[in-house]
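Take a look at the structure set out below.
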Amino acid sequence: MLVPRWLPKHTRGKGFSLAGVVLGGTALVAPNNAFTASMHRDNTHVIVVGRPTSERDPLTYLSDTESYAKNGLITWSGNVRVWQGDHAIRADQITYDRNTGILSADGHVAIIEPDGSTTYANHMEFSHGMRDGIGSAIFMRMEDNAKLAGTGIRRTNGLINDLSHAVYTACQICERNPDAPPFWQFQAYNATQDVEHKRVEFDHAWLKMMGIPVFYFPFFSMPDPSIKRQSGFLMPGIGPHDRYLGTYVTIPYFWAIDKTQDLTVRALIATKTAPELTAEYRKRFNFGQVDVTGGVAYDTLHEKSTDTNAFGLPQSNKGEHGLQGFLFAKSDFALNENWHTGTNINVASSANYMRDYRISGYGQETLQSNIFLEGYGVGSYARFDADAYQGLNQGTIKNSDLPWALPRFTYTFQGQPDALGGRFSLQTTDFNLYRPNGVSDQRGQVQMQWDRPFSNKLGQQWLLTARLNSNIYNASSLESQPTYYTVHRRFTGQVLPTIALKMNWPFLRSFAKGHGTQIFEPIVQAIAAPNTGNSVNRYMPNEDSFAYEFSDSTLFALNRYMGTDRLDGGVRGNIGIHQNWSWNGHSIDMLFGESIQQHITHNRIPFSGLDHHLSDPIGRIRFNPNRYLDVTARGRYNPWRKRFDYGEGVIGAGVPLFHVTGGYIYEPVTPYYYYSGNYRPNIPSWNPYWKEISELTAGFSTQWRNYHASAFIRRSLSRKEQVATGGTIGYSNDCFGLDLIVIDQNTRIGGQRRYSTVLMNFTFKTIGTFGINL
């Protein structure tokens, strides 16, 4: 029989009906005659995390049996449950001394804390309303499967728990052999749990791996696993050897200013150069966020480069030491449901400073900064922004050659179907572009298009398209890069109307007893437009159409340039055959085609594939016959040279245990360098554009139980050198991760050849990641 009572003398004999008592989210249903002295008007039990229980709070209990002694000692036995304030206790037997207020619990003791965590013990004694107490054989179960145990405990004021001979781990305990040590654990002389500030501190602690001591900590402090953000020192980083830093150590400190903002400060101390100090500030608002990272150092490295750039010119590092710094700032704010604005500012004093101090972003060609305002509507999008660039690869890109967009406006609109069944769209990109050394221009551009799809009884799918492109330019310094014209200033423009009709005629059949389908689809397209060429002789700037690649992705495009500064004119027809076989989730997909041109533009980029009335044939195939193989290849064959002028392929094969990947790309030239100098003389002796690209990549990955490994290689066959190689090998389980990462980067950046990196990361669940740069 359950005998509920409540104990304070001044309330004995008074009772209230209670259907349930809520503790830490768990409802304990009591019989209708259960009594309580703690009852809120709305029938709820308020939990305040970390608030110590007061001895004035009433005591509520349930038990199978109870007994009273004349000396004021009350004993409850059998499935005993006791509540006081925000604490609850379960035990086999609990004794309460009404004279001293001491409560003793024995046998399978479980204490439910206000934050929902549970503490287990063999014996516990409490006084002053469970604020103070002592106990033995303590075991605490915390969030993320973390566990803290000790031979004894002393609780002070309900906020501090001191454990003797403490052990902490976040690893699973082996069910078959519970006495076996966990994969890792901290074993300390004593530990202190600060309930109010959510921290756990260990004195004289050993980190043990599978029961073997591996590292000693005189003192170690960590946040409680229930806390995701808390001020304190983070895991340090160590680099025994670095080409530019030497031996170095990083010491980060995290300051949780409040729930919406924090600051991380990191000091880097190295043997080869002066220290560096960096800081990252983050702030979240109801309508956006900011993230600002900056650093400053006095770079003492004076290493001189003897390398040459892609043009055979010596590369100088003059002025890239001394007082250096960087600033990366991001922000994003929603103004309302349709508009938001933001910034992305990235600047550094020099590329070599970023290299010397291993700053994120080094290895890119440029640092881009942008500020924007953009809005979304029904079928429309608008964006105002400004761009600036800083070159990091000074061997190829000089800051004075890079453009500044001040400002740029982009707008797109997609209308609803009209009365004729067509759909109207509009697109514009207008800008003011400035180069310290090169062409500066202003552009106004509008592209209007109308599409009308229809079909017939033969199953043919037709698309009628009418497009009007119009551009207007005001340009200066046209004799400079990237156009190299013979005039200095010109106000000009272009208008190109285009009409196109495209027909897809798919034929479908089934095979493999209805489990597979085959699609045979001829595609024909006719395009008519004035024969404008690519505008090279009309002194127009070129800001968005540097690349021209005739491939399967642009076969049926009305304009095969990337932008609109150069437009495809003339009369042409495009033909293609598309086939697809699909069965049981697997497929083979192919597309082959050619373009037939009435007018030939002889001033295209060389090896474009469009130098004759009949273009070079192009093709693409994707072969995915089963889940173990996936192959994609595309290319363009030049029948006049009897060789491929463009080709690339990717392959992936394997099983979950082992998987390999490979890739290859070939072009007879390097398009990136086409506008690096005056391309009209086409002098192969100095222009790096004429160097072919022939590059191979390969890699593998494997995973077996808790082990994983991967490796990759990227090699330039044309230059006969490695571009990059690397690999990873590691181990992970429910509470621990170890990764060894090796990368060898040979790409020249800023006149310097990158060096090898060996990084070892140790990840301990609930504690953090510790990295060593070997």
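Per-residue HN-Hα couplings for region 478-486, Karplus 6.51 cos²θ - 1.76 cosθ + 1.60 at θ = phi - 60°, whole Hz, x for Gly and Pro?
5, 6, 9, 5, x, 9, 6, 7, 9
If I model a spin label at residue 418 and residue 499 as a point 7 Å from the Cα along the Cα→Cβ vector, what separation in nanometres do I get?
In this crude label model, residue 418 to residue 499 measures out at 1.5 nm.
Given axes a ≥ b ≥ c from the Cα gyration tensor, I'd like to know whether region 50-132 is rounded (a/c under 1.5), prolate (a/b larger than b/c) or oblate.
oblate
Which distance in Å, rounded to a whole number, links the C-alpha centroids of region 507-527 and region 77-94?
If you average the Cα positions of each part, the centres end up 74 Å apart.
Highest mean first, how do 410-417, 327-334 rank when packing is the count of other Cβ atoms within 10 Å averaged over residues?
Those peptides, ordered most packed to least, come out 327-334, 410-417.
Which FRET efficiency value, to the nearest 0.05, do you get for residue 461 and residue 692 by plugging their Cβ-Cβ distance into 1/(1 + (r/R0)^6) with R0 = 60 Å?
It comes to 0.90.
Could you pull the Rg and Dmax for region 693-738, using just the Cα atoms, both in Å?
Gyration radius and largest Cα-Cα distance of region 693-738: 14.8, 46 Å.
What is the chain's relative contact order, in percent, from Cα pairs under 8 angstrom and six or more apart in sequence?
Averaging sequence separation for qualifying contacts and normalising by length gives 5 percent for the chain.
What's the center-to-center distance, using Cα atoms, between region 100-160 and region 359-392 in Å?
Value for the Cα centre distance between the two parts: 55 Å.
For the chain, which cysteines have no second Cys with its Cβ under 4.7 Å from theirs?
174
Over 24 Å between C-alpha atoms is what I'm after, so list which of 198/765; 259/330; 228/272; 283/765; 398/691 land there.
Result: 228/272; 283/765 exceed 24 Å.
What full-extension length gain, to one decimal in nm, is calculated for residue 740 and residue 164 as 0.36 nm per residue of separation minus the Cα-Cα distance?
Gain on extension, residue 740 to residue 164, equals 203.7 nm.
Neighbouring Cβ atoms within 10 Å as the yardstick, rank 124, 760 fewest first.
Fewest-to-most ranking of 124, 760: 760, 124.
If each DSSP helix of 4+ residues adds -39,500 (n - 2.57) and the sum is divided by the residues in the chain, what number results at 222 nm, nearest 500 deg cm²/dmol?
0 deg cm²/dmol
Looking at (1) 87, 70, 46; (2) 115, 74, 51; (3) 86, 76, 48, which value of Cα extents along the principal axes in Å comes from a calculation on the structure shown?
Read-out taken from this structure: (2).
Quick one: which residues, 5 or more positions from residue 199 or on another chain, have an amide H under 5 Å from its amide H? H modelled 1.01 Å from N in the peptide plane, none for Pro or chain starts.
Those lying under 5 Å, H to H, from residue 199 are 194, 224.
Residue 97 to residue 302: extension gain in nm, 0.36 nm per residue of separation minus the Cα-Cα distance?
Using 0.36 nm per residue and subtracting the Cα-Cα distance, I get 66.0 nm.
I want to check the label-to-label distance for residue 264 and residue 329. Put each point 7 Å from Cα in the C-beta direction and report it in nm to one decimal.
Using points 7 Å along Cα→Cβ, the separation is 2.0 nm.
Sort region 92-251 into rounded, prolate or oblate with this rule: let a ≥ b ≥ c be the square roots of the eigenvalues of the Cα gyration tensor; rounded if a/c is under 1.5, and if a/c is not under 1.5, prolate when a/b is larger than b/c, oblate otherwise.
prolate
Scale the Cα Rg of region 142-228 by the rule-of-thumb value 2.2 N^0.38 Å and send over the ratio, two decimals.
Ratio of Cα Rg to 2.2 N^0.38 Å: 1.07.
Of the peptides 355-361, 383-389, how do they stack up when ordered by the mean number of other Cβ atoms within 10 Å, highest first?
The most tightly packed comes first, giving 355-361, 383-389.
What is the fewest-to-most order of 202, 607, 233, 254 by other Cβ atoms lying within 10 Å of their Cβ?
233, 254, 607, 202
Which ³J(HN,Hα) values, rounded to whole Hz and listed in residue order, are derived for region 721-732 from phi using the Karplus coefficients 6.51, -1.76 and 1.60 in 6.51 cos²θ - 1.76 cosθ + 1.60 with θ = phi - 60°, glycine and proline given as x?
Whole-Hz 3J(HN,Hα) from phi for region 721-732: 8, 6, 8, 6, 9, x, x, 9, 9, x, 9, 8.
With θ set to phi - 60°, apply the Karplus curve 6.51 cos²θ - 1.76 cosθ + 1.60 along region 541-552 and write out the HN-Hα couplings as whole Hz, x wherever there is a Gly or Pro.
x, 9, 10, 9, 10, 6, 9, 9, 9, 8, 8, 5
Sequence-distant or interchain residues sharing an amide H contact under 5 Å with residue 242, placed H: which?
Amide H neighbours of residue 242: 247.
For each of 741, 138, count neighbouring Cβ atoms within 10 Å of the residue's Cβ, then give the residues from fewest to most.
Lowest to highest Cβ neighbour count: 741, 138.
Here, each number is a calculation from the coordinates, and none is a lab measurement. What you see is a predicted model, and the numbers here were worked out from it, not measured in a lab. When we count neighbours, we look across all protein chains shown, and the Cβ atoms used for this are built from the backbone with ideal geometry, even at glycine.
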